[in-house]
Structures are given as C-alpha cells and as structure tokens.
Amino acid sequence: MSRDPRYDLLFEPVRIGPVTARNRFYQVPHCAGMGHREPSASAAMRAMKAEGGWAVVCTEECDIHPASEFSPYAEARLWDDRDIPALARMAEAVQSHGALAGIELAFNGAAAPNRFSREIPLAPSDTVVEPYDPVQARAMDKSDIRDLRRWHRAAALRARKAGFDIVYVYAGHDLGLPMHFLSRRHNRRGDEYGGSLENRARLLRELIEDTKEAVGDRCAVAVRLAVEELLGEDGLTAEAEGREVIELLAELPDLWDVNVSGWRNDSQTARFGPEGAQEAYVAFVKQVTSKPVVGVGRFTSPDAMVSQIKRGVLDLIGAARPSIADPFLPRKIEEGRPEEIRECIGCNICVTGDNDIVPLRCTQNPTMGEEWRRGWHPEIVPPKASDDRVLVVGGGPAGLECARAAGQRGYAVTLAEAGRALGGRVSLESRLPGLASWARVRDYRLACLAALPEVEIYRESRLDATQILEFGFEQVILATGSAWRRDGIGRAIRRPLQGCERPGVLTPDDLLTGTRPAGPVLIYDDDHYYLGGVLAEKLRRDGLEVTLVTPAPDVSHWTHNTLEQNSIQKRLLELEVALRPQQGLSAIHDGEAELACVFTGRRQRLPAASVVLITARTPKDQVYRALMRRPEALAEAGITSLRRIGDCLAPGTIAAAVYGGHRAAREIDQKQYGEFQREVVALSQGWPPFVPARLG
Ligand code: ADP
Ligand code: SF4
C-alpha cells in the first residue's frame, strides 16, 4: 500500500545541528522503569521504536553524578566511564535501524533527595526537598556551580563516546536544576545567577555552551524546557518568563524540546485533557527561534500531526505514550495503513511502571517492556505450531486480544461472547466521564479481527461446560471476566458486611448496566483505582447527592501512580462530592450507612438511600470449574488444553487482561510456560570493601 500524499510532510528529513532526523517522528525522553538496572531491556525497547520508524529515540533522564540521583527509581546513569557500555548498547541498537539516539543528561538538584548516595542535594538557594523526605538542599556557591559544569561536560563527553547523536540539557518538569535557577520560586540568589531573568538563565546558557563546546562538532545539543508551569505568577508562563527564556537563548541550542510542567501536566491522562492539549502553551516557540521545535500532545492521528506542522506549531512530532502504545506508528502511516495504529488510550498505566520501579507496561501494547526478556515483537508473532482449533470464551479485553494474536499466528479461532456487544468491561467503562478513548482497546482489536479470516466471532452465545465439551476444540481459553462483590469484602472488610443484602446496596456492575440509584448515594471505595472516583463524578453529574467514603488517605489513592490523583480529587471537590477519606464502612441500615474512623474506630451515621460497594471482584470461573470437575469428559472431547485468562483468572487492570490474553495466544503449543530472561549484572571488581587512603 502506498502512503497518503497528505502525510508526505511527516516524512521530510529535519536537520538538527550536525545531524539529520530521517522524518518528523521523535520519541522524546521518557521514563521506563528500566534505566541503569535493565540496560538490555532498555536497548531492545528503544530499538523497537527505531525499527517502527521513529527518527529519533531518546533515553529516559540520565543521572550524571551521584550528587543528584533518583534512587530508588531506575533512571539511566552516566556517572563515570563504567556506565558507557550499557548506554552504548542502546545507542547502537537504535542506530542499527537508521534512527538517531538521544540522551537526556539530568541533574535534578533539590528534586532528588539522594537516598542512595547520601550526598546533600544542591539548589540555587537553601530549600526543602519535595515531596516529603526530611532532607534539605543547600545553596550552591560558585565552586559548586563550577563542579556542576564540569560534571555536565564530562557526562556529555561520555555520551558522545557512547555514540549518542543528540545530547540534552534538561530544564523540564520542575526537576532539572537549570529550571530551578530559572524559577523565582526556587532562586533567591543575590549574585549574577539570581535576580533578573538574564541572571537566572545564566546557568542554562553556560550548560548549553559547555555542551556545544564539548560535543557540538558531532552531536546536536537539545534543550528540554518547560515553558509553562500552570502555576500562574509563581511559575514560568508561556506569556511571560517561559517565552522570555526562549527569546534569550533562541539560537543557542540545536533543538528546542518544549512542554508543560510538572510531569502530571505534561503526561495528562485522556480523562483530563485531549490530544494536542499543550498547543496553546508551546505554539509561540517557533515564532521566536529558527531552530527545530519538538513538542508532545499524545498525538495518534496523522491528520492532527500534519496540522501541527502546517500551522507552524511544531517541526517534529514528539511522543512518549503514542510510541509506547504503538512503536510502529510511523511505519504504519508511511506504508499507507494508518487505520492499523494501536492508539494510546491515555490511561498512564505506562507511568505506573516507573512509579513502581519496574519495567513499564502498556494497556494497548502487551509487548511493551517484554521486547528483550521475552523476545516479544509488537507486530510479529510466531506462526502456529499445530492445527489445533482454539475456542476463546468471552469477548472482553483478554478474549479479544487472545483471539487476535492467536488468529495472527494462523490458528483457526472461534470467539464466543455471551452479550451482543464485544469489549466486555471497556465497552461499559468507556461510557463513563472522560473514558471514551478506552474503547480503543476494543476497537483496535475488532479492526484487526475483521482482517483475520481464521477467526469467527459469535455474539449472543453464552456457553456452558456441556456445550464446550460438545464442540471439542483442542484448545479452550476462558476469558469470562469477573463480577464486583456484593458483600463488602475487600482490603478493609474481611467478613460479609452487616446489611449488605438490603435493597439499595449496589455494585459498579449495576450502575454500568443501567441501574439508577436513589439519592443520596454513598460510594464506598476500597478498590482505590479510578472506578470509585469516576462513578462519583458520573452520579454527581446526573444530579445526585454523593458522598465518597474510603479507608485510604485520599480518593482514588492508587491513581497517584497514574499522576491523576490530584486532578480527580480537585474535580470531585469542584463538583461538591462530599469526601470522607480514612473512614471504613461498618454497617448498612435502613436509609443510613455507618462509618468508622480507620484510626480510632469512632462511628458516625450518614443518610444513604443507596450504597455502592466498590471493593473486590470475584472471577466468573463457573464454566472453568465445571469443566475441571470432568477430566474424563475433557479427554473424550479431545480438549488438550484448558486455560483461564484475564479477570476470570484473577481480576486486575485492563492492561493485565490484555497482557494475559496476548501471552496465552503466544503460549499455545508451547511446552514451557512463562519463560523470560533477566539481566544479571557482573560482580564488581571492588572486593574486599573499599579502603580509603589513610592520613599520615
Ligand atoms: P477481561 O477483562 O478478563 O477481558 P471482561 O469482564 O471485560 O473480562 O469480559 C468478559 C467477557 O466475557 C464479557 O463480555 C462477558 O459477557 C463474556 N462472558 C462471560 N461468561 C461467558 C460465557 N459463559 N460465554 C460467553 N461469554 C461469556
Ligand atoms: Fe497510552 Fe495507556 Fe499505553 Fe500509556 S499505558 S502508552 S497511556 S495506552
């Protein structure tokens, strides 16, 4: 297929200082939970994007010195020459596919508590370290500034030695130290590095000049700058100082990578912002500089990308999440098949990997993070190893992905779904406020399935054990999902809740399938992910009086990991949902709910015509258990493999269900289940322990 000429523009090369990007697709630096701990995994993951057509592929932030390190988070590291080989592996892997490799050198100052190195963090002025570490940073004197410049220069030289094409100076996300110097909020200095904006920009200018002088002959020097902090007068703004910094340094770097700070604003989820949401803030940059500009916006639509270029907003289409959800996004556009793009849904499950300090994962792309350790490719699966016929029962995220990947392998697959609609929970949940893009999990898979003649889909086909035995497929995979518990049992309540059988006690399943509760409604959230908060939002928008009760310290507590908690709590407060954190639910009475403080046990009653229990889910595994009770019948029917996947195996995230479905499809006919390789770091030469030189 040939490319739509409307998209030709996206495939023009772009000169960046001494190097040239082969097209306009640019994977901006993004965390991956791998960093210096998983260098091979990191290299394989980034290389996959280069293979998929991204012209530039960058590292995550790379700590340059133990005086600023982000332990326990797994970032890249370039403290000394011993760190070069790990990063060289990534640069080479990326370049082997014709892409440029970029590295984001970072010194985070007061944003890094130095939990590992125990060095005192450095800052423009004495200040606390955020968020809550009992650590303060000290004001840098001139010799500290000289040291920092020396460390940064040395790291740039090492980056060049490792083979990188683009070397960053990082002043983004309220993290990079040069950004702290820029900020009146952080910089209270009275010397030539404080006061006027020109003075506050001095360190950034010096670092750019140092880096250019050190490596600029061969490497492009990029600056990542947050031009807007969304803090009003307390921060950089696109109208005032964010703009003035770019004006001051306009032609100095080879590339401007601009965004909105902090990280949660930059990586806003779909629930809180649309594709292209940063345009209003970064659009000015190209008016001010002749250098190429890259920016992000969760871009998955080639038309939106073309529009960014044509309207002079960006030169390069930056992406973190769209490149995670679909490493082959550029190639799909280039080869005239943009409808095959696996579009990011904007859920930030990828970010949770980094926050949990484990390799990233993705709701849409089950192979993300598995490129090296399992050898998974997002576009290629091994061909089938037998003529077994596969029955997948249940058409939710797990079943759809399993059928899709098994069909791609060439197996004859039959997918049976009880309901009329496919998509399971994503079809239901995507109707909730702000979650419309989650339907992409279903839609991408349905589009793939439509192109697979080996897969037959039967709707309105609820199967029981007897029918499955009659059909006699060799491979049976059950993806029948789960149901929310009605008895309150979850993390905080371990025995059925008193009063849970009363009328007016509901679960998310009731609400998602159309039950309208009577108000006032009390939502009890012991699940702590998005559902409690989003159902409270929906019911409140429907005009009901809503109280959200949770034993956690704040609402939707786990969404700290998706960077959404703050936005969720703000929205609920603005909608006047009554919030009762740190409260358990001890009983449900007629028209009332009884709460208990999680610390003191002190009780209080609240009026509640309806109580929605969001606690835990029970796997819908009755069919599985009925089949397992009849091993002879299974053998007689010729069923050689019977497996459960997704929520039917153990309720979890949509990402886990998609991953489970994908893995099951790859493991059909495999002898060994669940194998993966791991990085084993060579033992240090430094044994016995370090003996410092003694005085005298
Ligand atoms: P998961 O997240 O694991 O994919 P979901 O709950 O989203 O789980 O989807 C499960 C799907 O399985 C639902 O669409 C449901 O209607 C379907 N299902 C459940 N039991 C059966 C059954 N016995 N036969 C066919 N489909 C079923
Ligand atoms: Fe997009 Fe969600 Fe995948 Fe992250 S995890 S890339 S937000 S679909």
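Local charge for Gln287 was computed over the other residues whose Cβ lies under 14 Å away, with Lys and Arg +1 and Asp and Glu -1, and equals -2. For Ile103, the residues whose modelled amide H falls within less than 5 Å of its own, excluding neighbours fewer than 5 places apart on the same chain, are Thr59, Ile166, Val167, Tyr168.
Per-residue Karplus couplings for region 132-141, computed as 6.51 cos²θ - 1.76 cosθ + 1.60 with θ equal to phi - 60°, are listed in order as 10, 4, x, 9, 10, 9, 9, 5, 7, 9 Hz, Gly and Pro entered as x. Only DSSP H runs of four or more residues enter the estimate; each adds -39500 (n - 2.57), and after division by the residues of the chain the mean residue ellipticity at 222 nm equals -8000 deg cm²/dmol. Considering only DSSP beta bridges with both partners in the chain, what is the antiparallel share in %, to the nearest 5? Taking every DSSP beta bridge with both residues in the chain, the antiparallel ones total about 25 percent. With the simple spin-label model, which puts each label point 7 Å out from Cα in the Cβ direction, the Arg146 to Arg205 separation comes to 2.1 nm. Measuring nothing but protein heavy atoms, the accessible surface of region 1-66 at 1.4 Å probe radius is 52 percent carbon and sulfur.
Would you kindly state how much longer the chain becomes between Lys570 and Ala626 on full extension, computed as 0.36 nm times their sequence separation minus their alpha carbon distance, in nm to one decimal? Intermediate values should be presented prior to the final figure.
Numbers: separation 56, 0.36 × 56 = 20.16 nm, distance 4.69 nm.
Taking 0.36 nm per residue and subtracting the Cα distance, the gain is 15.5 nm.
Computed from the C-beta positions of Arg82 and Thr600 and an R0 of 60 Å, the FRET efficiency is 0.65 to the nearest 0.05. When you filter the chymotrypsin sites (Phe, Trp or Tyr not before Pro) in region 125-191 for DSSP loop state and at most 11 other Cβ atoms inside 10 Å of their Cβ, you are left with Tyr132.
Please label the shape of region 143-187 as rounded, prolate or oblate, based on the square roots a ≥ b ≥ c of the eigenvalues of the alpha-carbon gyration tensor (a/c under 1.5 means rounded; beyond that, a/b larger than b/c means prolate, else oblate). Verdict is oblate for region 143-187. Using the alpha-carbon atoms, what tilt in degrees (0 to 90, nearest 10) does helix 39-51 show relative to the longest principal axis of the chain? Orientation of helix 39-51: about 90 degrees from the principal axis.
State the extension gain, in nm to one decimal, for the chain segment bounded by His97 and Phe116, taking 0.36 nm per residue of separation less the distance between their alpha-carbons.
Additional length available on full extension: 3.3 nm.
Measuring from label point to label point, each 7 Å out along Cα→Cβ, what is the Glu679 to Ser461 span in nm? About 4.5 nm separates the two model spin labels. Maximal additional length on extending the Glu130-Arg337 stretch stands at 70.0 nm, based on 0.36 nm per residue less the C-alpha distance.
Taking Cα centre as origin and charging only the Cβ of basic (Lys, Arg, +1) and acidic (Asp, Glu, -1) residues, the dipole magnitude of the chain rounds to 920 debye. Could you tell me which residue out of Met1, Ser68, Ala50 lies farthest along the dipole of region 1-77 toward its positive end? Charges go on the beta carbon: Lys and Arg +1, Asp and Glu -1, centred on the Cα centre. Working it through, the farthest residue towards the positive pole turns out to be Met1. The angle separating the long axis of helix 397-409 from the principal Cα axis of greatest extent in the chain is about 80 degrees. Using the 1.4 Å probe convention, the accessible area of the chain works out to 41 Å² per residue with neighbouring protein chains retained. Distant-in-sequence amide contacts of Ala483, defined by a placed amide H-H separation under 5 Å and a gap of 5 or more residues or a different chain, comprise Thr618, Lys620. Counting only protein chain heavy atoms and rolling a 1.4 Å probe, the accessible areas of Arg603, Arg337, Arg485 rank, largest first, as Arg603, Arg485, Arg337. Residues whose amide H falls under 5 Å from that of Met368, counting only those 5 or more places apart or on a different chain, are Cys362, with hydrogens built in the peptide plane.
Between the alpha-carbon centres of region 403-482 and region 295-366 there is a gap of 25 Å.
Compute the long axis of helix 530-541 from its Cα atoms, compare it with the longest principal axis of the Cα atoms of the chain, and write down the angle in degrees, 0 to 90, nearest 10. For 530-541 against the chain, the angle is about 80 degrees.
For region 610-627, the Karplus equation 6.51 cos²θ - 1.76 cosθ + 1.60, evaluated at θ = phi - 60°, returns couplings of 10, 10, 9, 8, 10, 10, 8, 10, 10, x, 8, 10, 4, 5, 4, 5, 4, 5 Hz by residue, with Gly and Pro reported as x.
The values are calculated or read from the model by the stated rules, or taken from the named source; none is laboratory data. The structure presented is a predicted model; accordingly, all values stated were derived computationally and were not measured. Note: ideal-geometry Cβ built from the backbone for every residue, glycine included; neighbour counts use all protein chains shown. Just the protein is used for accessible areas: all its heavy atoms, side chains included, with ligands, DNA and RNA removed. Shrake-Rupley method; radii C 1.70, N 1.55, O 1.52, S 1.80 Å.
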